[in-house]
Amino acid sequence: MASMGGDPRQMMEDAAEDKFPEGLRILAVDEDSVCLKVLEDLLRGCKYHPTTVMDAKTALKMLRAGKEVFDLVITDMCMPDMDGFKLLELIRHEMDLPVISTLTAQF
């Protein structure tokens, strides 16, 4: 890592290198297959290991079964079977797992 007073750009690059967590196992939930594919590609580009599902009920079943371990859940808020708010509530109540919620607009 660059010492204080060094090149600011190099310092930022070194800090990003030190903190970028590779290999995270992420469960991505979205009913929109295009959004899910874009998210999956982005996550793979960050050297994460995404698993994708198109509905909250399936995601919850996977999490409860515990056959796969995840480090993070990324979920859309607006889904037809169970919205992301309910999924977030159940995950927080039943397991110690961080959740990132997203909102997508329908045009």
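Couplings 3J(HN,Hα) of the stretch 44-51, computed from phi: 4, x, 8, 6, 9, 10, x, 10 Hz, in residue order, whole Hz [Karplus 6.51 cos²θ - 1.76 cosθ + 1.60, θ = phi - 60°; x for Gly and Pro]. The length gained by stretching the chain between Glu31 and Asp83 to full extension, at 0.36 nm per residue less their Cα-Cα distance, is 17.7 nm. For the stretch 22-102, the fraction of C-alpha pairs farther apart than 15 angstrom is 50 percent. For the pair His93 and Asp55, label points projected 7 Å from Cα toward Cβ lie 2.0 nm apart.
Here, each number is a calculation from the coordinates, and none is a lab measurement. Here the structure is a predicted model, which means the values were calculated and not measured. For neighbour counting, all protein chains shown are included, and Cβ atoms are generated from backbone atoms with ideal geometry for every residue, glycine included.
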